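Here is the structure we will look at.
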Amino acid sequence: MIIRELIEKIEGEAELDFTFNEGKIEDVQINFGFYRGMEEILEGRDARDALVITPRVCGICNHAHLITAVKAIENGYENAGLKVALSPKAKAIREFTLSCELMQNHMTWFYMTILPQLEKLTGEISTQNYALKASYFSSTVTKAMSIFSGQWPHSSYAVPGGVTCDPSYVDVMQAENLIDECIRFFEEMLTGLSFEKYLSLNSLSSLGSVEGDLGKALWLIDKNEMAEAGQSHDRFIVLGDSVLAKPGKAQATKVSNVALRYVEESVQTGTTAKAVSYKQKLYEAGPLARAIVGKEPLVKSLHKRYKDSIFTRVFARVHEVATLLVQSKKLLNALQLDEPSCTLGKMLEAVDFEGEAAVEAARGSLIHKTSVKEGKIENYEIIVPTQWNLSHGNEKEEGVAVKAMVGSKTIQDATFIFRTFDICSVCTTQ
Amino acid sequence: MSMDKQDSVKSLFTAQSAKVDTNKGDAYYEALYTQCRARLDDLKKLAPLNNRMDFKESIEEEGLERRDFLKWASATTAMLMLPASFTPLVAEAAVMMNRVPVIWIELSDCAGNSEALIRSDGPKIDEIILDIISLEFHETLMSPSGHQAEKQLEEAIEHFKGKYLLFVEGAIPRGIDGYYGTIGAKAETFVDHLERLAKDAAAVVAVGSCATFGGIPAAAPNPTDAVGVMDVVKGKPIINIPACPANPSNMVGVLLHYVLTGTVPELDSLLRPKFAFGYRIHDNCERRGHFDAGEYVEEWGDVGAKNNFCLYKVGCKGPMTFNNCSIIRYNEGVNWPIGVGRGCIGCSEPDFWDKYAYERPMANANIKAPTGGVEKTVDEFGLGLLTAAGVGIAIHAAASVVAGKKSEDSKSEENA
Ligand code: SF4
Ligand code: SF4
């Protein structure tokens, strides 16, 4: 028996076709009805046009696209023999603005998707205005970001060699205040704990003291007996280098090295979204992967008990906000404002090059590859995080999200599991 | 270049753009005031649509102070180019935003405009938007999903037939019979979906450059044959709010104008509200003084960049772009691209992907300038280049003057 279910409430729309066998889900086919042809549009344009075009692939991860695009160009310049030496200041500012995008994404997902869906699942509907909470945090953190990036979404402030902004101490102070306000939100709304107290939690049992909306979500998952649901291959990948983790892959908690050249993209039937694998194997990407590869103690202790279940996955994403808040304060504090913002003059520019870069976006590793001839893009490839989690799989194994859903008894449970991956169809199909 | 040509270019570039008539005379405003008053009194008689909070309650609940609210109202009144005496009316209209049903759909988009909207003017004004406007349907913001959401949409169309405002985000792909973009269980194409929803709408608001002009999906070679709303919807009032993303203040402005007057705001020849698109970025740019003084950033990270010089030579398209970001900025007014030393990319202009959205200044781009003129480098320039830009602007201004005439005419008809 095949039952078709439409998923909205993610960015864009996805369609899931469930096959049931003896009251349990046996297979899921994931489809997207949407195509824009972004890679085609890029062909033949000036190499740097990718900086203004690729962010428009996705209104949520637009900043990650900008950062990946600029790094791919810089990588290409270096491959062509040009020296691109970013100042620590420029590096830190990029890292900061990207962290802000991750935080805003995670909180919007938590408040607009996870909490309302959980309430529906358990019949514990509250009258809380979650949209308002989501927008309060998100608008605060995107304000902090736009002090440097000018706007969110769709900034283009990063250029080969650095950034265009030249912040003053007042700007940095303003950003710090906004981050402090986010921390206050984290304390009062999300966890009911002082930030210090929250950061000192170190084991699964200590999680009991978490209150607030996060406490509520964890409690609801538990109450619905879903804490162990949604386990998949227990295999993780991180390709970008960030304050959260060094690149690496993990089978359970055993971490090893990765190289971009083993990433493979393949066409799948029935959808415009392409599948992606690493040495023919499927990996989960995103905050849970970063926490496992980055050996984050609290998430690891959850993982020990619940493996890669939705409990661990949901917690890892919210917990990443805490880590990012800590890191972004550090980044701001360490800024040396007298360093140059941009080190590459306009005269320095390679015309023939191949460049690639991977960056950790909210949903996992994002890859751009650009080949440029006589200054013009010959070929541009974008591999987005959602492709890792949503690939259908191959003969040998099921896709990551598919495996997580197989075995669920109801469509409601399965679509909730699907959403814990923070799915975005907009970028997947481009 | 001859001296008087130089002078004329100079005067073009230093002139206030005179297309927006900000003072239409007392008689006009008095009549408008009466009209708005009557409209608001009528709306007041309607019950608020029940899926949204009452504004007065939420002011207290969220601790929004009356004073802050009035401050917002007077800023918005100014943005809508109405005299200050309209401020109480605007405040009243904001409270009654929940009397006008809104349906919001996303087609070939990146969801960036919705994202910008949810992150608009801080918790206080967000609350007005999220809680007060009667969003009868919005895929991302509403709680039901899948079949349930589809049902809700059908009910909303039926119930508010002829009364709802349809907000559209995203372009419409027409290639392979529209099958590059489908929606819902029956896989209705975006073209059909839009036509069906527009049929019963009071007016259609195209939000963002994708919905207005096809935007990035329509960039060459336009793989999916994407177009904007005005190429699909016929016989309905259409309001275009371009830019990428569209500025939330302008979305709220259009809505508020509709609540206040029951009509669409005055539009230019590209159907853009004049209150937002009557000026060039360049007219109100904070770096304008440096432009006039000939002080430019020559390359990223140079002394000019440190001193916030004009970005024209590193590709700023502000002189060719009509929009109000230089006044209202982004992310609650915190900043905007030029504020961080990044030139404007002309994101609210038609075909900006192919005409403006690149790193180079107009002169170095191997594309036809608006004049179809010769390409020169900036250093060879300057005024040759400025002429190119200037003529483009002159053409635009002429188009707007024609549009302006029309409104004059209709005004005299009204008065007759
Ligand atoms: S106009 Fe820009 S922000 Fe809006 S949908 Fe298109 S690409 Fe996204
Ligand atoms: S930065 Fe751009 S908009 Fe501002 S003055 Fe210079 S050219 Fe004009």
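The values are calculated or read from the model by the stated rules, or taken from the named source; none is laboratory data. What you see is a predicted model, and the numbers here were worked out from it, not measured in a lab. When we count neighbours, we look across all protein chains shown, and the Cβ atoms used for this are built from the backbone with ideal geometry, even at glycine.
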Study note, to complete from the structure: Of the residues in the stretch B:253-279 that are assigned to a helix (DSSP H, G or I) and within 11 Å of the chain's Cα centre (by Cα), the one that is surrounded by the most Cβ atoms within 10 Å (Cβ to Cβ) is B:276
Practice item. Note down all Cβ pairs under 8 Å where the first residue falls in the stretch B:261-283 and is within 14 Å of chain A (Cβ to nearest Cβ), the second is of a type in the set (Gly, Ala, Ser) and more than 16 Å from ligand 1 (Cβ to nearest atom), and they're at least six residues apart or on different chains. Key: B:281/B:318; B:281/B:326
Practice item. Please enumerate the residues belonging to the stretch B:318-346 that are within 15 Å of ligand 1 (Cβ to nearest atom) and more than 7 Å from every other protein chain (Cβ to nearest Cβ). Key: B:321, B:323, B:325, B:344, B:346
Check your understanding: If residue A:231 satisfies every condition in (1) more than 29 Å from residue A:49 (Cβ to Cβ); (2) within 14 Å of chain B (Cβ to nearest Cβ) but one, which is the exception?
Key -> (2)
Check your understanding: When you look at residue A:159, is it at pLDDT 95 or above and buried (at least 18 other Cβ atoms within 10 Å of the Cβ), yes or no?
Key -> no
Check your understanding: Of all the helices (runs of 4 or more DSSP H) wholly in the stretch B:5-119, which have at least 1 residues that are at pLDDT 85 or above and closer than 23 Å to residue B:246 by Cβ?
Key -> B:66-79, B:87-95
Review point. Do we have residue B:211 as surrounded by 24 or more Cβ atoms within 10 Å (Cβ to Cβ) and within 25 Å of residue B:343 (Cβ to Cβ) here?
Key: yes
**Study point:** Given (1) of a type outside the set (A, V, I, L, M, F, W, C); (2) within 15 Å of ligand 2 (Cβ to nearest atom); (3) at pLDDT below 80; (4) under 22 Å from the mean Cα position of the chain (by Cα), index of the condition residue B:359 fails
**Key:** (4)
Check your understanding: Among the residues of the stretch B:167-181, how many are more than 16 Å from ligand 1 (Cβ to nearest atom), touching a residue at least 24 places away in the same chain (Cβ under 8 Å) and either over 16 Å from residue B:218 (Cα atoms) or more than 11 Å from chain A (Cβ to nearest Cβ) (or both)?
Key -> 1
Exercise for review: Look at residue B:345 and say whether it is under 21 Å from residue A:69 (Cβ atoms) and aliphatic (A, V, I, L, M).
Suggested key: yes
**Study point:** In the stretch B:197-237, residue farthest from ligand 1 (Cβ to nearest atom) [restricted to those that are under 15 Å from residue B:270 (Cα atoms) and of a type in the set (S, T, N, Q)]
**Key:** B:212
Point to revise | All positions within the stretch A:76-131 that are within 14 Å of chain B (Cβ to nearest Cβ), surrounded by fewer than 18 Cβ atoms within 10 Å (Cβ to Cβ) and of a type in the set (A, V, I, L, M) | key: A:85, A:125
Point to revise | Single match in A:138, A:168, A:149, A:156 (criterion: out of contact with any strand residue (DSSP E or B) (no Cβ under 9 Å at 6 or more places or on another chain), at the interface with chain B (Cβ under 8 Å from one of its Cβ atoms) and under 22 Å from residue B:310 (Cβ atoms)) | key: A:156
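Which one is surrounded by the most Cβ atoms within 10 Å (Cβ to Cβ) among residues in the stretch A:188-224 that are charged (D, E, K, R) and more than 23 Å from residue A:119 (Cβ to Cβ)?
A:197
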**Study point:** Of all residues making up the stretch B:280-338, the number that are aliphatic (A, V, I, L, M), closer than 29 Å to residue A:101 by Cβ and in a loop (DSSP other than H, G, I, E, B)
**Key:** 3
Point to revise | Considering residues of the stretch A:373-411 that are in contact with a helix residue (DSSP H, G or I) (Cβ under 8 Å, 6 or more places away or on another chain) and hydroxyl-bearing (Ser, Thr, Tyr) only, the residue farthest from residue A:49 (Cα to Cα) | key: A:408
Review point. Restricting to the stretch B:238-258, what's the tally of residues that are on the phi < 0 side of the Ramachandran plot and within 14 Å of ligand 1 (Cβ to nearest atom)?
Key: 10
Review point. Going by the conditions given, is residue A:39 in contact with a strand residue (DSSP E or B) (Cβ under 6 Å, 6 or more places away or on another chain), at pLDDT below 90, assigned to a helix (DSSP H, G or I) and more than 15 Å from residue A:156 (Cβ to Cβ)?
Key: yes
Check your understanding: Within the group A:328, A:365, A:341, which residue is buried (at least 20 other Cβ atoms within 10 Å of the Cβ) and touching a Lys or Arg at 6+ places or on another chain (Cβ under 8 Å)?
Key -> A:341
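In this structure, is residue A:27 more than 9 Å from chain B (Cβ to nearest Cβ) and either at positive phi or in contact (Cβ under 8 Å) with a residue 60 or more places away in the chain (or both)?
Answer is yes for this residue.
Could you say which residue among B:209, B:269 is out of contact with any Cys (no Cβ under 9 Å at 6 or more places or on another chain), more than 16 Å from ligand 2 (Cβ to nearest atom), among the hydroxyl-bearing types (Ser, Thr, Tyr) and over 24 Å from residue B:160 (Cα atoms)? Give the derivation first.
On the way: B:209 fails: out of contact with any Cys (no Cβ under 9 Å at 6 or more places or on another chain).
That would be B:269, the only listed residue that is out of contact with any Cys (no Cβ under 9 Å at 6 or more places or on another chain), more than 16 Å from ligand 2 (Cβ to nearest atom), among the hydroxyl-bearing types (Ser, Thr, Tyr) and over 24 Å from residue B:160 (Cα atoms).
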